[in-house]
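Visitor: Before I ask anything, let me first share the structure, which is written out below as structure tokens.
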Amino acid sequence: MAEKFDPEEVKQACEGYVKKKGALAFGLANLETLERISPPGCGPSSMLPKVKSVLCVGVGGGTRGAWSADAKTLAYIGDTETMAYRIAYGLAFYLEAKFGYRSIFVPPDMDPEKGARVPMQSMKLHAEVAGIGARSMAGDILLHPEYGMMYYASVFTEMELPPDEPMPDNPCPHSSCVKLYRQSGQTPCMRFCPVECLSGSIGNDDKVAEMNYDAHACAEMSQQYEAIPGVLLDTLDAKDPIERGMALHGPENQVIWYKLAIGAGELLALCYECMRVCPITQTAPLSNPIARGAGMRQKIVEAEAAAKAEHTVEQAAEKGE
Amino acid sequence: MAYGVTQQMIDTFGEIVFKLSLNKQTRRGDAVRELDFDALDAARDETGLTDEEITERIGLLPEQVGVVRVFTERKHHKIDQHRRIYHLGGGKRWKKEAYRSPAERLRFNEEAMMLREAINFKPELAARYIEDGYWINETLNGWLADHAQNTPDAIAILHPGGEVTYAELKSRVDHLTNGLLSLGLMKSDVVAVQLPNTLDFVVSYLAITAFGGVMQTIHMPYRDADIEFLLGHAQARTVICLPAFKDFPTAEVMLSMKEKLSALEHVITVGDMEIEGTLMLESLMIEGTPEIDNPPVGSDPFLLLYTSGTTSNPKGVPLTYQNMMSNARVSVAEFKMTSVDRNLSAAPFSHLYGLFNFHVALNAGATNVLLPAFTPPDLAKMVEATKATTVFLGPAHATAMINAGLMDAHDFSSVRFSVFSGAACPPQMMETYRDKIPGTRISQLWGMTETAGATYCRYDDAADIPVRSAGRASPGDEVRVVSPEDGKPLPANTEGDLQVRGCSVFPGYLNNEEANADAFTEDGWFRTGDLAIIDDDGNMTITGRTKDVINRGGVKFNPADIEDLIIQHPKVEMAAIVPVPDPALGEKACCVVTLLGEESVTLEELCTLLDEHKIAKNKWPERLEIIDEMPLTPTRKVIKGRLMDKL
Ligand code: SF4
Ligand code: SF4
């Protein structure tokens, strides 16, 4: 049986832990609300039956530089979601190790049994209910008034901790977006979505009245994994060997295999034979992590200092000083 | 089908399953802040359902929902959407009209692909031309655009109707390109042109090639049968022509071709005469800068010329920009052509020679002077009126002007350089021509449709070279003479079969496997069918045609010099010597002549002439045929194949 802890203190400790690891935002979602909003069989308890708390972590999105780069670069820089996952993964261990309550890092994956784009758990919903983001006109991407766009990860724990409230106000739509909408009938995100998958309306209260999102078109545009089965079917349907070859090896699709190969731990870059025979790789004193750990750096620094001192003495002797 | 799902089920339920799933999401209001759970429940269909929820809504098994959904998603899938990402960000904003997928933009007709498949260079040679800088990514319209931008006011064209600057030419070409695109023409589609050397020709040529089309030329003298063969073989989609030419109702004949040839869709006529069923070129002049989805690049074919067919049916010769542009670009320096030159082509643009010199002048940013149709007085007047500085002509053009005294009557002093090609150049005539223009230089050029300008004398060559030879290989090209027996290269100054290899040499005939099999050696040398001698300095002189060689009982001889002698007979107008089968010797020489006047000639009289010139007896013709008209190509070469068929 786990020890008794002050829930507020635990919450603060968790916040301290995740922020030290690089998170920008932290909050706890109201479990009841989550269970009520989630589709049947999709709430937190479907994953961890004795869940008592849902802890949410938000990490920052792209740098300013990334936002000004071309879309290809931005898309391949990808996002910082893996950082959010790492922090949440650590948090689950932290909760178990430090407080003794069973915890789980919520897998950020699709549920293969539930259908198109149905996640195992909606981390978007967790974060929103935890008050660290609010749904936007842009396909419900969460936005935060201070941090902008973030990536989120969640941890379920059997430890009961006090939940937070959702943000009282939704920063979306921004006042300038409302102005543009009144003029043109479109917000910036609607206007510039390349596949026109966003539409909707803003009410007289300047809040989102309706948001329509074509998730299929969005995913086709931006998530290449959607294309893999299509690529394979195209290969089978190809009219001639050139088309078939292009379906598989075309530069755009090649990226898919590259990423798959990385995922599968395939041979990717080097056979290393050139590096195996390179004297620098073989003799560099700190190339060996064990040597680095064994205080070799210090020894080298000392040896270098000694050699330098000797050299200075020799020079002085040559000059007859 | 899996789990009992039928295609009918997919068709019936697919769209509603797709719509109910998370593929399509609608949110009303702000659920998390409002926490109105009833409203939320009521709107679940809109926010997107799991397969299990869809099961409940429409009465299929969850697994069946999965199958139906997946197949419907596939139907909605537009492959390659992510390419759009490449057109975004970094200052680029999404503009719907600015993006078209490559699959949509880079389309080709089936006939166009057939033509493209005929472009078949040897990989190691292509690599060499690229590495050596001969083949680069350049196009005719790229050159035009450069001049229009850098020297917009320079005169591009001087023609009987006036002068046209590079900027004006570009604008006309843009307008016609818009018009041609409006007809649905696409890259590598063939557009045939039967026009004289007029501004309409130039604008048509540049507009056809601007959108990536391929221009097929049809020589002006060609009539119904030739035209039908050429348009049919090339699968031309459009033809641009005169309404009529002399007594030939061109437009009417072209329209009748539309009935016979399925690929032919449009007949465009120049001038202001409206002809039912044709489009007027002027009406296709559409203002604006053309938007070209599939722009031409260096490796594209852009010309489809046909051999004149002295021995067989004309053969289609596709040529790429890299072939022709490299040949013209390197020749500019060799001819010392500059932007101040005014270049006049007496040769028709329907021939390679005419186009070659047009390209050279265009590359240099010079002025092209247009002579719509050659007559000796017109050429002489045009030279004088335009102060042409470079003239590309044939020996017959010069002979006609000299004989008519036109070179004395007109001012030729502006001409600094004259290039002769198209037929053998009698040394006497070359010297006379040069003497008539003090200080001028002359050159001989040798080329074929298949080779472009393969050899020529350079501007700086010694004075005797152009009189006796067609000069050295053009940069990037090689010429050699090989033994007809074993195909081995022969030493200098030995007559043999001429072969050419190089950046300007065509990639193979269109749809003519038989001809392609014979055309090239293993290592990519083109067998020209000409006999030649190359001197120690690489200067090449054509001595005859391989196919004209007569094999009389094992003794082979080239009848060209004998023909030259027979033509000197006062009763003979034209002469050609062809082989006729002989049971004993295999072949015997038959001389075919047309007469100058009423008076006939006998075989004995001709042989006496040959005897006087000490021609070996075994080379004398053994049969004489007098005919009324010699079958000639438009370049006035005797079609010996037709003569042999008759005999
Ligand atoms: S409406 Fe404005 S604030 Fe909201 S997501 Fe779109 S662009 Fe951003
Ligand atoms: S396609 Fe791009 S712009 Fe459109 S909703 Fe998806 S992510 Fe946003």
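Visitor: Could you pull out every residue, at least 5 positions away or on a different chain, whose amide H is within less than 5 Å of the one on B:SER188? Hs are placed 1.01 Å off N in the peptide plane, and Pro or chain starts have none.
Guide: B:GLY213, B:VAL214
Visitor: A follow-up question, please. Along the charge dipole of the protein assembly as shown, which of A:LEU74, B:ILE227, B:ASN343 sits closest to the positive end, that is, farthest toward it, with unit charges on the beta carbon of Lys, Arg, Asp and Glu (+1, +1, -1, -1)?
Guide: Of the listed residues, the answer is A:LEU74.
Visitor: Could you look at chain A and say what percent of its accessible area is carbon and sulfur, using a 1.4 Å probe and all protein chains?
Guide: That share works out to 57 percent.
Visitor: Please list 3J(HN,Hα) in residue order for the range A:145-151, calculated via the Karplus relation 6.51 cos²θ - 1.76 cosθ + 1.60 where θ = phi - 60°; whole Hz, with x for glycine and proline.
Guide: Once rounded to whole Hz, the list reads x, 9, 9, x, 8, 10, 10.
Visitor: Can you compute the FRET efficiency between B:TYR3 and A:GLU196 using 1/(1 + (r/R0)^6), with r the Cβ-Cβ distance and R0 = 45 Å? Round to the nearest 0.05.
Guide: It comes to 0.85.
Visitor: Something else now. So for the pair A:ALA66, B:ASP564, with labels modelled 7 Å out along Cα→Cβ, what separation do we get in nm?
Guide: With each label placed 7 Å out from Cα toward Cβ, I get 8.0 nm.
Visitor: Is it possible to state the helix-based mean residue ellipticity at 222 nm for chain B, with each DSSP H run of 4+ residues giving -39500 (n - 2.57), the sum divided by total residues, to the nearest 500 deg cm²/dmol? What is it?
Guide: Calculated from helices alone, the mean residue ellipticity at 222 nm is -10000 deg cm²/dmol.
Visitor: Moving on to the next point. What is the local net charge at B:LEU49, summed over the other residues whose Cβ is closer than 15 Å to its Cβ (Lys, Arg +1; Asp, Glu -1)?
Guide: In short, -3.
Visitor: Separate question: According to the square roots a ≥ b ≥ c of the eigenvalues of the Cα gyration tensor, what is the shape class of chain B, taking rounded for a/c under 1.5, prolate for a/b larger than b/c otherwise, and oblate for the remainder?
Guide: It is prolate, given that a/c is not under 1.5 and a/b is the larger ratio.
Visitor: Using a 10 Å cut-off around each Cβ of peptide A:107-120, what is the average number of partner chain Cβ atoms that fall inside?
Guide: Values: counts 0, 0, 0, 0, 2, 1, 6, 9, 18, 17, 6, 8, 1, 0.
For this peptide, the per-residue mean of nearby foreign Cβ atoms is 5.
Visitor: Tell me which residues come under 5 Å, amide H to amide H, from A:ASP70 once H is placed; ignore anything under 5 positions away on its chain.
Guide: Result for A:ASP70 returns B:GLY90.
Visitor: Based solely on its DSSP helices, what 222 nm [θ] is calculated for chain A when runs of n ≥ 4 H residues each add -39,500 (n - 2.57) and the sum is averaged over all residues, nearest 500 deg cm²/dmol?
Guide: About -13500 deg cm²/dmol.
Visitor: Let me ask something else about it. Would the range A:7-157 count as rounded, prolate or oblate if I go by the C-alpha gyration tensor, calling it rounded below 1.5 in a/c and otherwise prolate when a/b exceeds b/c, oblate otherwise?
Guide: On the way: a/c = 1.79, a/b = 1.27, b/c = 1.41.
Taking the square roots of the gyration eigenvalues as a ≥ b ≥ c, the range A:7-157 is oblate.
Visitor: If R₀ is 60 angstrom, what is the calculated FRET efficiency for the pair B:ASP486 and B:VAL340, using the beta carbon separation as r and rounding to 0.05?
Guide: Calculated transfer efficiency: 0.75.
Visitor: I want to check the label-to-label distance for B:VAL555 and B:GLU573. Put each point 7 Å from Cα in the C-beta direction and report it in nm to one decimal.
Guide: Here the answer is 3.3 nm between the modelled labels.
Visitor: Is there a simple number for the mean count of other chain Cβ atoms within 10 Å of the Cβ of residues in B:47-60, and what is it?
Guide: Counting Cβ atoms of other protein chains within 10 Å of each residue's Cβ and averaging gives 4.
Visitor: Continuing with the same structure: If you restrict to DSSP beta bridges whose two residues both lie in chain B, what percentage is antiparallel, to the nearest 5?
Guide: Working: 49 of 86 bridges.
Counting only bridges with both partners in chain B, antiparallel ones make up about 55 percent.
Visitor: Counting only other residues whose beta carbon sits under 15 Å from that of B:ILE465, what net charge do I get with K and R as +1, D and E as -1?
Guide: -3
Visitor: Continuing with this model, one more query. Taking a cut-off of 28 Å between Cα atoms, list the lysines near A:LYS179, but don't count ones fewer than 8 places away on the same chain.
Guide: A:LYS124, A:LYS207, B:LYS24, B:LYS92, B:LYS95, B:LYS96
Visitor: Please figure out what share of the DSSP beta bridges in the range B:277-411 is antiparallel and state it in percent, rounded to the nearest 5.
Guide: 45
Visitor: Per residue in the range A:29-50, which ones lose no less than 30 Å² of accessible surface when going from chain alone to all protein chains (1.4 Å probe)?
Guide: A:THR33, A:ARG36, A:ILE37, A:PRO39, A:PRO40
Visitor: Now, a different point. For B:LEU305, list long-range residues whose amide hydrogen, built 1.01 Å from N in the peptide plane, is under 5 Å from its own amide hydrogen.
Guide: Amide H neighbours of B:LEU305: B:VAL317, B:LEU319.
Visitor: Which GluC sites (Glu not before Pro) from the range B:563-628 combine a DSSP loop assignment with at most 14 other Cβ atoms within 10 Å? Could you put the intermediate results ahead of the total?
Guide: On the way: sites: B:GLU563, B:GLU573, B:GLU587, B:GLU598, B:GLU599, B:GLU604, B:GLU605, B:GLU612, B:GLU622, B:GLU625; in loops: B:GLU598, B:GLU599, B:GLU622.
Of the GluC sites (Glu not before Pro), the ones in loops of the range B:563-628 whose Cβ has at most 14 other Cβ atoms within 10 Å are B:GLU598, B:GLU599.
Visitor: Right, here's the next one. Take every Cα pair under 8 Å in the range B:569-618 that's 6+ residues apart, average their separations, divide by the length, and report that relative contact order as a whole percent. Provide the component values of the computation, followed by the final result.
Guide: Details: 49 pairs, mean separation 17.4, N = 50.
Relative contact order of the range B:569-618: 35 percent.
Visitor: Give me the lysines in straight-line cross-link reach of B:LYS617: C-alpha distance below 28 Å, same-chain residues under 8 apart excluded.
Guide: B:LYS547, B:LYS556, B:LYS571, B:LYS588, B:LYS637, B:LYS640, B:LYS646
Visitor: Among DSSP bridges having both ends in the protein assembly as shown, what percentage is antiparallel? Round to the nearest 5.
Guide: Taking every DSSP beta bridge with both residues in the protein assembly as shown, the antiparallel ones total about 70 percent.
Visitor: Let me ask something else about it. Quick check: residue separation of B:GLU599 and B:ASN493 times 0.36 nm, minus the Cα distance between them. What number comes out in nm? Each step should come with its number before you reach the end.
Guide: Values: separation 106, 0.36 × 106 = 38.16 nm, distance 4.10 nm.
Using 0.36 nm per residue and subtracting the Cα-Cα distance, I get 34.1 nm.
Visitor: With every protein chain left in place, what is the accessible area per residue of chain B in square angstrom, probe 1.4 Å?
Guide: Spelled out: the 1.4 Å probe surface of chain B, per residue, equals 43 Å².
Visitor: With solvent modelled as a 1.4 Å probe, how much accessible area in total do chains B and A shield from it at their shared surface, in Å² to the nearest 100?
Guide: 4400
Visitor: Based on the Cβ-Cβ distance from B:LYS260 to B:VAL297, what FRET efficiency comes out when R0 is 22 Å, to the nearest 0.05?
Guide: So, using R0 = 22 Å, E works out to roughly 0.05.
Visitor: Ok, one more. Extending each Cα 7 Å along its Cβ direction at A:GLU146 and B:ALA404, get the distance between those two points in nm, one decimal.
Guide: 9.5
Visitor: I'd like the distance between the alpha-carbon centres of the range B:21-90 and the range B:375-442, rounded to an integer number of Å.
Guide: Using only Cα atoms to place each centre, the spacing works out to 80 Å.
Visitor: Could you give each residue of the range B:279-294 its phi-based ³J(HN,Hα) in whole Hz, using Karplus coefficients 6.51, -1.76, 1.60 with θ = phi - 60°, and x for Gly or Pro?
Guide: 9, 8, 3, 4, 6, 9, 7, 10, 4, x, 7, x, 9, 9, 5, 10
Visitor: Calculate one ³J(HN,Hα) per residue across the range B:390-405 by plugging θ = phi - 60° into the Karplus curve 6.51 cos²θ - 1.76 cosθ + 1.60, and present them in order as whole Hz with x for glycine and proline.
Guide: So the J values, rounded to whole Hz, are 10, 10, 10, 9, x, x, 5, 4, 5, 4, 5, 5, 5, 4, 8, x.
Visitor: When the accessible area of chain B is split by element with a 1.4 Å probe, what percent falls to carbon and sulfur?
Guide: Using a 1.4 Å probe with all protein chains present, chain B comes out at 51 percent carbon and sulfur.
Visitor: For the protein assembly as shown, build the charge dipole from Cβ charges (+1 Lys, Arg; -1 Asp, Glu) around the Cα centre, then report which of A:TRP257, B:GLY288, B:PHE356 sits farthest towards its positive end.
Guide: A:TRP257
Visitor: Compute the longest continuous run of chain A that contains no exposed chymotrypsin sites (Phe, Trp or Tyr not before Pro); treat a site as exposed when its DSSP state is not H, G, I, E or B and it has at most 16 other Cβ atoms within 10 Å. Mind showing how you got there, number by number?
Guide: Working: sites that count: A:PHE5, A:TYR147, A:TYR272.
Counting only loop sites that pass the neighbour cut-off, the longest clear stretch is A:6-146.
Visitor: To the nearest 10 degrees, how steep is helix B:62-76 against the longest Cα principal axis of chain B, on a 0 to 90 scale?
Guide: 40
The values are calculated or read from the model by the stated rules, or taken from the named source; none is laboratory data. Predicted model only: the values in this text are computed from it and were never measured. A quick note on method: Cβ atoms are made from the backbone with ideal geometry, for glycine too, and the neighbour counts reach across all protein chains shown. Side chains included, ligands, DNA and RNA excluded: accessible areas come from the protein's heavy atoms. Shrake-Rupley method; radii C 1.70, N 1.55, O 1.52, S 1.80 Å.
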